[in-house]
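Here is the structure we will look at.
The values are calculated or read from the model by the stated rules, or taken from the named source; none is laboratory data. Predicted model only: the values in this text are computed from it and were never measured. Here the Cβ is made from the backbone with ideal geometry for all residues, glycine too, and neighbour counts use every protein chain on show. Keep in mind that these areas ignore ligands, DNA and RNA; they rest on the heavy atoms of the full protein, side chains included. Shrake-Rupley method; radii C 1.70, N 1.55, O 1.52, S 1.80 Å.
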Amino acid sequence: MNVPDRVSDDLPFLTALRRDLHAHPELGFEEVRTSELVARHLEEVGISVHRGLAGTGVVGTLRVGNGTRSIGLRADMDALAMPETAERPYTSTVPGRMHACGHDGHTVMLLGAARHLARTRTFSGTVHFIFQPAEEGRGGARRMMEDGLFGLFPCDAVYGLHNMPGLAIDEMAVVEGPQLASSDSWRVTFRGTGTHGAKPHLGRDPITAMATFLAALQTIVGRVVDPLQPAVVSACSVAAGNPEALNVIPDFAAIGGTARAYSAAVRDQLEEEIGRLARGTAEMFGIGADYRFERRIPPTINDAAATRRARDAAASVFGDKVLSAFPPSTAGDDFAFFGQQAPGCYVWLGNGPAVEGALHHNTAYDFNDAAIPYGVAFWSALVERELAAG
């Protein structure tokens with residue numbers, strides 16, 4: 001691996017900082033301590049810092065030379081509302097909070113690249129280091145956009161990086177096209193007429209309607225969506241009646257879940273078809289249905305030109321360990337909002353084996369500190385190549 005000496009020299013500091021962040025996890029829009037540490041360490045090396053986008057967001061800007069091109073590099077900072085079960089010297093000190101997705105590592109790798117580039121200044125142009133709050137479902141990227149991110153910090157291209165357990169730490173996947181699915185939520189409430197459980201004919205049973213709807217739900221993916229277009233519709237919550245009143249048919253039954261797609265057309269289709277099925281089921285049972293589809297995160301789709309540039313930078317670090325084919329994930333990432341405003345590329349950095357099955361969002365997960373120099377070197381190489389001094 002091609003890791004600059006100055007990156008290697010910074011590794012003890014970066015490793016200690018990563019473990020400190022892991023021990024002090026903060027949820028989305030609550031990253032006060034994390035963002036303060038990021039801002040302070042950026043300012044220490046002479047990088048201009050803007051605080052406050054989306055509340056706790058931080059953007060560091062470094063301009064070198066007379067290059068006119070500007071790019072953005074994004075790292076997410078937030079943790080998850082879940083307990084950490086593994087025993088480590090740096091285990092979370094906050095009950096019910098942990099860095100279970102590696103955002104502590106993402107933050108440190110981008111900070112390490114910023115420090116390296118501020119010292120070497122071997123490029124010509126502008127780089128914005130975007131430290132985003134609230135990626136884990138709380139809408140941090142959208143909030144940064146609403147607060148004027150790209151108006152204040154225009155970008156000709158924007159890049160994101162996520163760790164991937166199962167890939168070796170000296171591997172990186174850089175793939176054109178869809179990388180992550182849209183992540184949307186849907187809710188249906190069936191409105192019936194409650195009655196005695198022994199006299200169902202005197203009411204309108206919303207539970208039976210809900211069960212019919214649930215059984216038919218997978219026909220959307222199996223029989224309506226083009227089989228060559230990936231899609232997921234999952235029911236994840238059901239609620240009806242009272243377990244202490246097992247002789248009462250309730251008035252209402254509620255069901256909700258998630259819908260995922262890699263294309264805008266299929267995303268539209270899922271929204272329409274879930275609603276059609278809910279309304280049709282309600283009509284069949286002679287009851288009402290309230291339907292709501294919440295568009296949360298669009299799909300992340302890598303731009304062809306940005307992907308080529310990212311792949312070239314990755315090859316300068318990882319050599320032949322750069323994968324140009326890697327399956328997309330049905331998870332979502334609100335980096336997609338940035339990619340809608342500027343050509344974007346989202347890459348996967350190896351995190352090593354999934355130890356004892358500890359994948360993302362697992363209570364035993366941990367970011368692999370051995371991956372830090374690879375991430376720092378990639379970010380640095382990307383800037384130096386995309387903003388080549390000439």
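Quick rundown of the values:
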quantity	calculated
Gln179 being surrounded by fewer than 21 Cβ atoms within 10 Å (Cβ to Cβ) and touching a residue at least 24 places away in the same chain (Cβ under 8 Å)	no
Of all residues in segment 319-350 being out of contact with any helix residue (DSSP H, G or I) (no Cβ under 6 Å at 6 or more places or on another chain) and more than 22 Å from Tyr262 (Cα to Cα), the one that is surrounded by the fewest Cβ atoms within 10 Å (Cβ to Cβ)	Asp320
Qualifying residue in segment 291-307 (condition: more than 30 Å from Val188 (Cα to Cα), without any contact (Cβ under 8 Å) to a residue 24 or more places away in the chain and either of a type in the set (D, E, K, R) or surrounded by 15 or more Cβ atoms within 10 Å (Cβ to Cβ) (or both))	no
Residue list for segment 241-259, restricted to those being on the phi < 0 side of the Ramachandran plot, without any contact (Cβ under 8 Å) to a residue 60 or more places away in the chain and open to solvent by 40 Å² or more (accessible area, probe 1.4 Å)	Asn242, Pro243, Glu244, Leu246, Asn247, Val248
Single unsatisfied condition, Phe13 versus (1) open to solvent by 50 Å² or more (accessible area, probe 1.4 Å); (2) aromatic (Phe, Trp, Tyr); (3) within 26 Å of the chain's Cα centre (by Cα)	(3)
Listing of helices (runs of 4 or more DSSP H) fully contained in segment 96-194 that carry 1 or more residues being more than 21 Å from the chain's Cα centre (by Cα)	103-120, 149-152
Filter result for Gly137 (out of contact with any Pro (no Cβ under 7 Å at 6 or more places or on another chain) and free of Cβ contacts under 8 Å to residues at least 40 places away in the same chain)	no
Met77 being under 30 Å from Val355 (Cα atoms), in contact with an Asp or Glu (Cβ under 6 Å, 6 or more places away or on another chain) and either touching a residue at least 24 places away in the same chain (Cβ under 8 Å) or open to solvent by less than 20 Å² (accessible area, probe 1.4 Å) (or both)	yes
Among (1) β-branched (Val, Ile, Thr); (2) touching a residue at least 60 places away in the same chain (Cβ under 8 Å); (3) open to solvent by 30 Å² or more (accessible area, probe 1.4 Å) - the single one Thr68 does not satisfy	(2)
Conditions (1) assigned to a helix (DSSP H, G or I); (2) under 18 Å from His106 (Cα atoms); (3) open to solvent by 40 Å² or more (accessible area, probe 1.4 Å); number of the one not met by Ala314	(3)
Output for segment 18-54, where each listed residue is in a helix (DSSP H, G or I) and of a type in the set (Asp, Glu)	Asp20, Glu36, Glu43, Glu44
Residues of segment 260-274 satisfying the condition of being open to solvent by 40 Å² or more (accessible area, probe 1.4 Å) and more than 20 Å from Gly332 (Cα to Cα)	Glu272
Hits in segment 351-362 (condition: in contact (Cβ under 8 Å) with a residue 40 or more places away in the chain and open to solvent by 30 Å² or more (accessible area, probe 1.4 Å))	Pro353, Ala354, Leu359, His360, His361, Asn362
